[in-house]
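All remarks here apply to the structure that follows.
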Amino acid sequence: MEWLIILGFAVSASIDNFGVGISYGIRKIQINIFSNTIIAVIAFLFSLSGILFGKWLNKILPGTLPVIVGAFLLFIIGLRIILMALPRKGANPIPSKDCTNPKSIKSILENPEIADLDKSGEISVGEAILLGIALSANALTNGLGAGLLGFSPFTISFTTAIGSFISVWGGVKLGSKVANIKIGSFTIGQFGTVISGIILLIIAYKALF
């Protein structure tokens with residue numbers, strides 16, 4: 001069961017990476033192996049930082065409070081992810097490239113191609129660092145919850161990094177093929193994000209019960 005939970009953390013932390021990869025594939029923006037590795041390393045470091053901080057809190061919080069806090073945190077994160085992914089009326093599935101701040105994490109996640117600052121059609125090392133930081137927000141918050149629940153820092157961080165690499169690579173490869181595919185009222189990226197949120201809700205439930 002523990003390995004399933006660890007895998008769930010990795011999938012949840014990497015689902016945005018998959019969505020961004022699909023977005024890049026649709027727009028013919030390439031991410032080479034080295035840049036993808038940088039993104040994965042950043043995911044590892046963010047996840048590890050979150051878990052270590054969570055484990056520190058685990059030691060100073062009394063009794064079963066760390067488990068309750070960790071589960072509650074994951075529940076809130078999972079619920080927020082699901083709500084953010086719900087289709088909105090009048091939403092544009094491919095946002096405009098104009099008037100977007102590339103320094104904003106939210107802007108990068110909503111409109112990933114702005115991370116390609118030089119418009120070269122390929123993510124460079126510097127751009128990979130920017131993209132990796134934006135994509136690692138989930139890894140950091142998930143890691144905090146995992147640390148509070150007492151999970152292994154290295155194991156979850158490593159699987160998160162591997163998940164990040166695979167999801168970005170797979171997303172780019174599949175992007176051109178799924179550009180117009182929808183599941184109900186959800187795009188592929190939105191559907192994956194909802195699954196990510198549901199996984200966190202399941203982990204939170206399992207931690208409490």
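The values are calculated or read from the model by the stated rules, or taken from the named source; none is laboratory data. The structure displayed is predicted, hence computed values, not measured ones. Every residue, glycine as well, gets a Cβ built from its backbone with ideal geometry; the counts of neighbours run over all protein chains shown. Ligands, DNA and RNA are excluded from the accessible area calculation, which covers all protein heavy atoms including side chains. Shrake-Rupley method; radii C 1.70, N 1.55, O 1.52, S 1.80 Å.
Looking at the range 126-165 only, could you name the residues that are open to solvent by 50 Å² or more (accessible area, probe 1.4 Å) and within 14 Å of the chain's Cα centre (by Cα)?
Of everything in the range 126-165, those that are open to solvent by 50 Å² or more (accessible area, probe 1.4 Å) and within 14 Å of the chain's Cα centre (by Cα) turn out to be ILE133, LEU140, THR141, ILE162, PHE165.
Go through ILE39, ILE76 for me and flag whichever is in a helix (DSSP H, G or I) and either among the hydroxyl-bearing types (Ser, Thr, Tyr) or modelled with pLDDT under 90 (or both).
Answer to the check: ILE76.
Tally up the residues in the range 1-36 that are touching a Phe, Trp or Tyr at 6+ places or on another chain (Cβ under 9 Å), not β-branched (Val, Ile, Thr) and not in a helix (DSSP H, G or I), please.
Total meeting the criteria: 1.
Give VAL168, VAL172 a once-over and let me know the one that is open to solvent by 10 Å² or more (accessible area, probe 1.4 Å) and at pLDDT 65 or above.
Answer to the selection: VAL172.
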